[in-house]
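The values are calculated or read from the model by the stated rules, or taken from the named source; none is laboratory data. What you see is a predicted model, and the numbers here were worked out from it, not measured in a lab. Cβ placement follows ideal geometry from the backbone for every residue including glycine, while neighbour counts extend to all protein chains displayed. Just the protein is used for accessible areas: all its heavy atoms, side chains included, with ligands, DNA and RNA removed. Shrake-Rupley method; radii C 1.70, N 1.55, O 1.52, S 1.80 Å.
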Amino acid sequence: MAVSKERLVEQLQVYQDTVNKMESNIGVSGGSSEAVLAGDQSAWLSQNADAIRTLRQFLDEVLGSVSGSPGRAADLLSLWMSGLTEAGTWAWVTGKAAAITTTTDSLVNLSPDDDTRRQQLDERLTEVLTPVHWLLEVVIGPCQACLEAAKGRPQQMLQALQAAARLWRPDFAAAVAAMTRCSEVHARISARTAFAVDILAVLLRLPQTAERGQGTAEAVQASTAELQAAASGPTGALLEGGLLQAAAGAILRCPRPVTDEAETRRFVAAELSYASWGFAAALNGIHRMLYHVKPRAAPLAGVLAQSDVGALQEALVERLCVHAGVELEPGEGGGQGRWWLPQLEAKVGHVIGTPVRGEWRARATAGWLEQSHFFAWTLVSFAEGGSGSGSSARLPRLGPRALEALCRLYRGQGLGGAYAPQPTWYLAHVLGPDIEAFLHGTRSAELAAWGMALGCELVAAELAGTSRGEQCGASLVRRGLHALHRLAWQDDCSPGKLGASSEKELAAQLVHANLAASLDYALRLAFTAADRAAASNESRMRSLAEDLAEVPPLVAEVLAAPTFPPAARLGDGGALMTFAKRAAMMTQRLQELEAAGSAEAGRQERELLAGVVNSLLLCMPKCYHLLAHAADEASSAAGISGGDAARAAPGGVEVLLERCAGALVAQAAARAAPSRVSSASATWIYYATLWALGHVTEVSTSPACPDKAQRLLACQPHRLLAAACKLLVSAKVALPTARDTAFPERSANPAELPKALATAVVQLLANLAAVPELTGRVRAWLLAPDGDDATVAEQASVQSFELGCLEPLLRMGLAPRIQQLSPGGPIGTGLQCLLRAARSRSSDRGSLQSLLQATGMNPGMEVDGFRFMARFVSSTPFLDLPSAPATMGFAEGQGSGSGPAPSEVAALVAAPLPPPLAVPLAEAVLRELRVCAYPGCLSYGGRGEAGLSLKQCSRCKCVRYCGAACQKAHWKAGHKAECQEAAAAAAGGPPT
């Protein structure tokens, strides 16, 4: 049955009267109320309990009507507030505040030795505060419910504001503030500050809601002035009542209990935790109000700048760090020394408190603790955003630590009970957009790295199906990567512009943030989403894969950024290993589709090739760039110029990448050549091919590279050279026009890319031929495949398909193309010299030596003529004397005749690449690498390849697999034969 206004007023007065009578029986020299529970006292308790039941019944009626009948709720709120006035509740609360203040002052001024008097005052303070606190919660409850329900409804918001106007009176706010201050000296009831926070929650949500009121334009316009007038009340209460300052001081300086009673200590800590949670929510409301309605709410900035309020904001963020086990460096922290609650949590090893008051050990914190940490993060976010919030200057500096804390918490690395039993991913729904906005303008590379890392945790939860609601992890990963890219490639990239005082500090920050590992993790998540989307028709997974499609190119851009130290970008090489693994898989898939030969396979190949060219392929030059930068830095650190020391002892990751990336570049360029390729796509194919050729050339010229010949052969250079030739001579590939903005020094004029690529082909040919172990093999590639030079193949120990595998492409395709690009230039001359020298016999030695002598080279070396010519063509004197070779007869016929027919060139372009060279597994194996050996592996579980459970092949002990499926597939694909050979070689006998 509904409660009438008369009944409501009556019961309010009964409650207040019975409280007064019970308090009167507690003399300052008497015992507690429990000592006089007889006669009238028992009757008062019964009446008080009846009044509480009636008031709760009315409160339930209001709350029940909020969702179903907002208009009815507003009427009930008006009835409630008028009932409070008629019952004299406002004056009653003010009087109690005065009594509480008096008792509190007595406690403050009490002698430390007067324990009896202190106990009496404690009991009196508790007896007075407890009923007042309960009544205030009942007062606030209907107001808060109605105001929340009125969001987006200007008229209902106006009614609710007007009905609750008595709450905004400065005298009421001052009374609440006075009661709040008592907790500074009374540990037992410290969390009574929570009721002040509850009031703040009501006061502070109003102006921003009024500003963003929804409805018809006429309704909003008609009520704007009234809403603004009504919403000025809460601001005045905050400014004049001192409520916020009092609550902050009470929470921050609540004394740590010194009693030996464990239950008392637990109760105080849990209550204080509850109060801090509510206060953080109130601060969040203030900051958002300042952000959305700055002109009218600007005076609140001064309140936030008040010392206690600023100190508590810092302490709340530092408590977040404690929950995650994040250590603050000297100068970063401060709140942990001022506030004992986080220190206690760190000591006991678990989160204290829950939304249920008095709870000591948090068993289930998922959801509410995430929300509490969201409130803490927004303090950093708004401080960094410069919204005029008046926040502490230290808060922005805590940003990286706060994001680090969130990452650790979502990884399960926090204190006991944190986000238990498993996260609800509240951040995914609320915090993600806030962090995105924060990263958009951040000037800290470390913070951007942590933001990307947090996004990876969200994406992983989405892939695992444990994150519910709207997906935002992918956008957070992209925003973090964009921030890193923006910071790395800005005009002024000094450490000071990146949030560090020196290059050493920047390196330490990014290493601490695990930038390299996060880049690898982001890649693996993107590839996993793409593979799952391709294998299913699930719209959610397709959407996630599309959102992450930009990740690989962005990761490559960050890897190539010279601003960031190579050690921070490279780490253990995980990202490069993941790129290599992906390149191997894509290469195999393209080869399978090419071999299928059907129309459907052709369609799938074109689609896959387009994706590879516009994503993975353009990442390869950036990976090569990082390797070169890391080698240069290593050489510089060793005091060696030119990077020779680093090149002499390459890591397994570098070798794996050069093989896999080179194979992908060769396959993509060769298969793109017969197709119609746009200028934009052609740009990336040209760049990737150019960088691949350049890298192999660097390896071939390194003077101290161990096992150079085996390493070069494992790169399958003949296939890479053939693919480059196909790309250059194809009539269907458009000329490149775009520029690679990451490497302007390599892309000043895109129109020069074909000439640069042709030059790279000739230089690599010459440098390969100059390697003694490869001279005969390269010469065999340049011989005409007519069978007349079979002895050359035998002497060079080459496979039959190698004989002349490059000669037709070079003679009929590349040579005429070079004449078009650079008529009479040294590159065309050099190519003709190599082709002529490959066919020459020892009788040509004299003219070769004369040629080398004319250019200043030493002709006395006892090598064959072809190697002489290779060394000459790859030398600087040759490039400086473009006409010398031609005048000496080694390029005769260059440019003469009509050239090959277009159909012949088209046939060369359409022909398959030469088969791969057979490199013994024992020579090609990279034993130090932990990577699945099956090229078609789609397993990207874990944060890196090393995180997979890899098992070694028990027979050859040369390769590892992530599972039985990959092992079986690789066995059928060719490992069976090489495994037997490797095992036999290790045993010293023939293969079985």
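General observations
- Annotation: per residue accessible area for segment 932-988 equals 53 Å², rounded to a whole number [probe 1.4 Å, protein chains only].
- Extension gain for residue 595-residue 364 works out to 77.5 nm (0.36 nm per residue, less the C-alpha to C-alpha distance).
- Rounded to the nearest 20, the Cβ-based charge dipole of segment 932-988 about its Cα centre (Lys and Arg +1, Asp and Glu -1) stands at 160 debye.
- In this structure residue 425 has an accessible area near 20 Å², from a 1.4 Å probe over the protein heavy atoms.
- Pairwise FRET efficiency - residue 955 versus residue 508, Cβ, R0 = 41 Å, nearest 0.05: 0.35
- Total formal charge among the other residues, if their Cβ is under 15 angstrom from that of residue 921, Lys/Arg +1 and Asp/Glu -1: +3
- Assuming charge only on the beta carbon of Lys and Arg (+1) and of Asp and Glu (-1), the dipole of segment 424-571 about its Cα centre is about 100 debye to the nearest 20.
- Using C-alpha pairs under 8 Å with a sequence gap of at least 6, the mean separation divided by the residue count of segment 424-571 gives a relative contact order of 27 percent.
- Most positive-pole-ward Cα, 766, 776, 750, against dipole of segment 750-789 from beta carbon charges: 750
- For segment 424-571, with all protein chains in place and a probe radius of 1.4 Å, 52% of the accessible heavy-atom surface sits on carbon or sulfur.
- A simple count of charges around residue 517, restricted to other residues whose Cβ falls under 10 Å of its Cβ and scoring Lys, Arg +1 and Asp, Glu -1, yields -1.
- Across the accessible surface of segment 932-988, with the other protein chains kept in place and a 1.4 Å probe, carbon and sulfur atoms take up 52 percent.
- Counting Cα-Cα pairs of segment 932-988 in 5 Å increments starting at 0 gives whole-percent bin shares of 4, 20, 29, 21, 13, 8, 3, 1.
- Formal net charge of residues neighbouring residue 54 (Cβ-Cβ distance under 10 Å; K, R +1; D, E -1): +1
- Solvent exposure of segment 418-540 amounts to 39 Å² per residue of accessible area, where only protein heavy atoms count and the probe is 1.4 Å.
- Considering only 944, 964, 984, and ranking their Cα positions along the charge dipole of segment 932-988 that arises from unit charges at the beta-carbon of Lys, Arg, Asp and Glu, the one farthest toward the positive end is 964.
- FRET efficiency, residue 57 to residue 679 (Cβ-Cβ, R0 45 Å, nearest 0.05): 0.05
- Listed by chain and number, the lysines whose C-alpha is less than 27 Å from the C-alpha of residue 972, apart from same-chain residues fewer than 8 away, are 581, 951, 957.
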